[in-house]
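Colleague: Have a look at the structure that comes next, please.
The values are calculated or read from the model by the stated rules, or taken from the named source; none is laboratory data. What you see is a predicted model; the values in this text were computed from it and never measured. With ideal geometry, Cβ positions are generated from the backbone for all residues, glycine too; neighbour counts draw on all protein chains shown. Just so you know, the surface numbers come from the protein's heavy atoms only, side chains and all, with ligands and any DNA or RNA stripped out. Shrake-Rupley method; radii C 1.70, N 1.55, O 1.52, S 1.80 Å.
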Amino acid sequence: MQLPIYLDYSATTPCDPRVAEKMAECLTLEGNFGNPASRSHTFGWKADEEIDKARQYVADLVNANPKEIVWTSGATESDNLAIKGAAHFYKTRGNHLITCKTEHKAVLDSMRQLEREGFEVTYLDPEANGLIDIEKIKAAIRPETTLISIMHVNNEIGVIQDIAAIGELARANKIIFHVDAAQSAGKVDIDLSTLKVDLMSFSAHKIYGPKGIGALYVRRKPRIRIEAQMHGGGHERGMRSGTLATHQIVGMGEAFRIAKAEMHEDNARIVKLRDRLYDGVKDMEEVYLNGDLEQRVSGNMNISFNFVEGESLIMALKDLAVSSGSACTSSSLEPSYVLRAIGRNDELAHSSIRFTFGRYSTMEEVEFVISVMHEKVKKLRDLSPLWDMFKAGIDLDSVQWAAH
Amino acid sequence: MAYSDKVIDHYENPRNVGVLDAEDKNVGTGMVGAPACGDVMRLQIKVNDDGVIEDAKFKTYGCGSAIASSSLLTEWVKGKTLDEAQQIKNTELAEELALPPVKVHCSVLAEDAIKAAVEDIKSKQG
């Protein structure tokens, strides 16, 4: 077993070696380096062929038509293009948008920008388990609502939203439905031939592809229109200009091809690792699971270890590459807005650790993690005045703290 | 976050962790910070009859720099008079530990903790 152990697969994944190999074939003079938009010679044609294959692989994973796939630089760009693009295109129809407080910043900040432009946005509160009550969406819909944007799998707490039900609701109300699927593609089954999803964002590097490439699914039947955010050579049917990055796209295609072939096998193995971790730590005192346990992606475990602060815990876990909802690990010094939105208090948000597993995680690693967690949490609690107070039966909420 | 070796040393081998009897009139307790902000420090000092700090203990809930700031502080205050201890500046702690700008507030908290502990003793001893 090699240290440190990588447990941050939701942040990014290593490229699968099969992906890296395919990408390397598209770079040098001997390789497939041509501009896929070059129509006048074989270099361009060959590159274009590989792009077509990759587009097919991406479409196949989610049961879409390859003509519905638009290449972007990643899920952030896809979210921006989908939300601003649709809101702008349909602004004569209405100016109201609906999303949820636990969305990725790429969605929330796009919404904020639209608010500055005069749109109105409803930010829904999720339930305590992280899931959205569809009745709340229903209640938020207005005649002028044009777009609903709800992520499929949450990046922090791994909960899976019921996009099938939300899609039905949106379609019945003639509202465009965008889904950020950066954390779900290749992990949760997605069938766009039955789901009433109009726009869907994908990323390559969350499923063993390269960073810097993603895609936006734009439905053709019924046809969804978006206003381009990037102007230039009219690539991607005018929706996203810019020379296609052949090696990146080929890498994403290969990653999606592998995901389709292997995701069920991967999931069955990964879910055992996750459940073993939870079983190994859940009996410790003052441990809280964040997010629903059932409606949850296979590789995510997010746990708060009360009375220890997240960043110091991460320092103690120097052999583990994990992330925390603690303020101290963010540049903003705010605790995780996702954990706050599901009603966790600041202390629990500060004390949270996200473990995310993937294709190369092993049970040996999980057993090591469990023993390290027991040892380090105890060490930090011995150092924690809050733990002393808790043990002495003092209600921390009754203490007058001097906020700073 | 890339920490200095000194922060890591104090974090991994914190000095003077513990609790003194808060009821003792020679013991001053300073508890500062708030759980909601991600750091709470409890610093305790014990003075001898000459008004010199002969022992100091701390417990801290917080990030690595908060733990290191309070650990270093307990080393510094020992052997100082109360007035000397009150003169310790957060900038000195931050400099010694080479805290990055975003973590300077941890040293401010440590300065607040020693001030609060000294105030506590002074009020007890009238």
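Colleague: Could you figure out which of (1) open to solvent by 30 Å² or more (accessible area, probe 1.4 Å); (2) within 30 Å of A:HIS152 (Cα to Cα); (3) assigned to a loop (DSSP other than H, G, I, E, B) isn't true of A:SER10?
Modeller: The number of the failed condition is (1).
Colleague: Here is a further query. Which condition breaks for B:ARG42 when tested against (1) within 10 Å of chain A (Cβ to nearest Cβ); (2) at pLDDT 95 or above; (3) part of a helix (DSSP H, G or I)?
Modeller: (3)
Colleague: Would you confirm, using the coordinates I've provided, whether A:LEU61 is touching a Phe, Trp or Tyr at 6+ places or on another chain (Cβ under 7 Å) and either modelled with pLDDT under 95 or more than 18 Å from A:ILE224 (Cβ to Cβ) (or both)?
Modeller: Here the answer is yes, as A:LEU61 does meet what is asked.
Colleague: Whether any residue in the range A:351-367 is more than 20 Å from the chain's Cα centre (by Cα) and at pLDDT below 90 is what I want to check. Full working, then the answer.
Modeller: Taking the range A:351-367 as the starting set, the residues that turn out to be more than 20 Å from the chain's Cα centre (by Cα) are A:351, A:362-367.
Then drop every residue that is not at pLDDT below 90, which leaves A:351.
Yes, the conditions are met somewhere in the range A:351-367.
Colleague: Let me ask something else. Those residues that are touching a strand residue (DSSP E or B) at 6+ places or on another chain (Cβ under 7 Å) and either open to solvent by 40 Å² or more (accessible area, probe 1.4 Å) or facing another protein chain (nearest Cβ under 10 Å) (or both), I need them from the range B:11-20; list them, please.
Modeller: Taking the range B:11-20 as the starting set, the residues that turn out to be touching a strand residue (DSSP E or B) at 6+ places or on another chain (Cβ under 7 Å) are B:16-20.
Passing the criteria: B:VAL17, B:GLY18, B:VAL19.
Colleague: Now for a different question. What number of residues in the range A:112-165 are touching a Leu at 6+ places or on another chain (Cβ under 9 Å), assigned to a loop (DSSP other than H, G, I, E, B) and surrounded by 20 or more Cβ atoms within 10 Å (Cβ to Cβ)?
Modeller: Number of matching residues: 6.
Colleague: So for the range A:15-29 (the condition being among the basic types (Lys, Arg), surrounded by 15 or more Cβ atoms within 10 Å (Cβ to Cβ) and over 25 Å from A:SER201 (Cβ atoms)), does at least one residue qualify?
Modeller: no
Colleague: Which of (1) free of Cβ contacts under 8 Å to residues at least 24 places away in the same chain; (2) in contact with a helix residue (DSSP H, G or I) (Cβ under 9 Å, 6 or more places away or on another chain) is the odd one out, the single condition A:ALA182 does not satisfy?
Modeller: All conditions pass for A:ALA182, except number (1).
Colleague: Being among the basic types (Lys, Arg) and either farther than 21 Å from A:ASP292 by Cβ or buried (at least 24 other Cβ atoms within 10 Å of the Cβ) (or both) is the requirement here; does A:LYS196 meet it?
Modeller: yes
Colleague: If you go through the range A:46-91, how many residues are on the phi > 0 side of the Ramachandran plot and assigned to a helix (DSSP H, G or I)?
Modeller: Total satisfying the criteria: 0.
Colleague: Further question on the same structure: Could you grab me the full set of residues in the range A:51-63 that are of a type in the set (Gly, Ala, Ser) and surrounded by fewer than 23 Cβ atoms within 10 Å (Cβ to Cβ)?
Modeller: Across the range A:51-63, the qualifying residue is only A:ALA59.
Colleague: Hey, A:GLY85 hits all of (1) surrounded by fewer than 19 Cβ atoms within 10 Å (Cβ to Cβ); (2) within 30 Å of A:SER184 (Cβ to Cβ) but one; which does it fall short on?
Modeller: (1)
Colleague: Also, quick follow-up: Among the candidates B:GLU23, B:GLU54, B:GLU84, B:GLU96, single out the residue that is open to solvent by 10 Å² or more (accessible area, probe 1.4 Å), touching a residue at least 60 places away in the same chain (Cβ under 8 Å) and charged (D, E, K, R).
Modeller: B:GLU96
Colleague: If you take the residues of the range A:246-279 that are aliphatic (A, V, I, L, M) and touching a strand residue (DSSP E or B) at 6+ places or on another chain (Cβ under 8 Å), which of them is farthest from A:GLY291 (Cα to Cα)?
Modeller: A:ILE249
Colleague: Using beta carbons and a limit of 9 Å, which pairs, at least six apart or on different chains, have the first residue in the range A:231-242 and under 17 Å from A:ASN80 (Cα atoms) and the second one charged (D, E, K, R) and open to solvent by less than 60 Å² (accessible area, probe 1.4 Å)?
Modeller: That search, which allows pairs on different chains as well, returns A:ARG240/A:GLU77; A:GLY242/A:GLU236.
Colleague: Check the range A:211-229 and report whether any residue there is assigned to a helix (DSSP H, G or I), among the hydroxyl-bearing types (Ser, Thr, Tyr) and surrounded by 19 or more Cβ atoms within 10 Å (Cβ to Cβ).
Modeller: Initially, the range A:211-229 is screened for residues assigned to a helix (DSSP H, G or I), giving none.
No, there is no match, as no residue in the range A:211-229 is assigned to a helix (DSSP H, G or I), among the hydroxyl-bearing types (Ser, Thr, Tyr) and surrounded by 19 or more Cβ atoms within 10 Å (Cβ to Cβ).
Colleague: Residues in the range A:92-107: is at least one open to solvent by 60 Å² or more (accessible area, probe 1.4 Å) and of a type in the set (A, V, I, L, M, F, W, C)?
Modeller: no
Colleague: Can you tell me which of (1) under 23 Å from A:ASP395 (Cβ atoms); (2) modelled with pLDDT under 95; (3) crowded, with 19+ Cβ neighbours inside 10 Å is the one B:ALA113 doesn't meet?
Modeller: Here B:ALA113 clears every test but (2).
Colleague: For the range A:251-364, which fully contained helices (runs of 4 or more DSSP H) count at least 2 residues that are more than 10 Å from chain B (Cβ to nearest Cβ) and buried (at least 17 other Cβ atoms within 10 Å of the Cβ)?
Modeller: A:337-341
Colleague: Now, a different point. Please go through the range A:91-147 and give me each residue that is free of Cβ contacts under 8 Å to residues at least 12 places away in the same chain and more than 24 Å from A:ILE157 (Cα to Cα), ordered by number.
Modeller: Listed by number, the residues that qualify are A:THR92, A:GLU115, A:ARG116, A:GLU117, A:ALA139.
Colleague: Mind checking which residues of the range B:45-67 are part of a loop (DSSP other than H, G, I, E, B), of a type in the set (Gly, Ala, Ser) and within 7 Å of chain A (Cβ to nearest Cβ)?
Modeller: The one that is part of a loop (DSSP other than H, G, I, E, B), of a type in the set (Gly, Ala, Ser) and within 7 Å of chain A (Cβ to nearest Cβ): B:GLY62.
Colleague: Continuing with the same structure: Mind listing just one residue for me: the one in the range B:30-39 that is within 10 Å of chain A (Cβ to nearest Cβ) and outside any loop (DSSP other than H, G, I, E, B) and, of those, surrounded by the most Cβ atoms within 10 Å (Cβ to Cβ)?
Modeller: Taking the candidates together, the pick is B:ASP39.
Colleague: Right, another one. Across the range A:378-402, which residue is surrounded by the most Cβ atoms within 10 Å (Cβ to Cβ) among those that are outside any loop (DSSP other than H, G, I, E, B) and at the interface with chain B (Cβ under 7 Å from one of its Cβ atoms)?
Modeller: Ranking the candidates gives A:LEU386 first.
Colleague: Within the range A:166-187, track down each residue that is farther than 25 Å from A:GLY94 by Cα and open to solvent by less than 30 Å² (accessible area, probe 1.4 Å).
Modeller: Looking only at the range A:166-187, we keep the residues that are farther than 25 Å from A:GLY94 by Cα, and these are A:181-187.
Scanning the range A:166-187 gives A:ALA181, A:ALA182, A:GLN183, A:SER184, A:ALA185, A:GLY186.
Colleague: Here's a follow-up. Could you say whether any residue in the range A:30-49 is open to solvent by less than 70 Å² (accessible area, probe 1.4 Å), within 18 Å of the chain's Cα centre (by Cα) and among the charged types (D, E, K, R)?
Modeller: no
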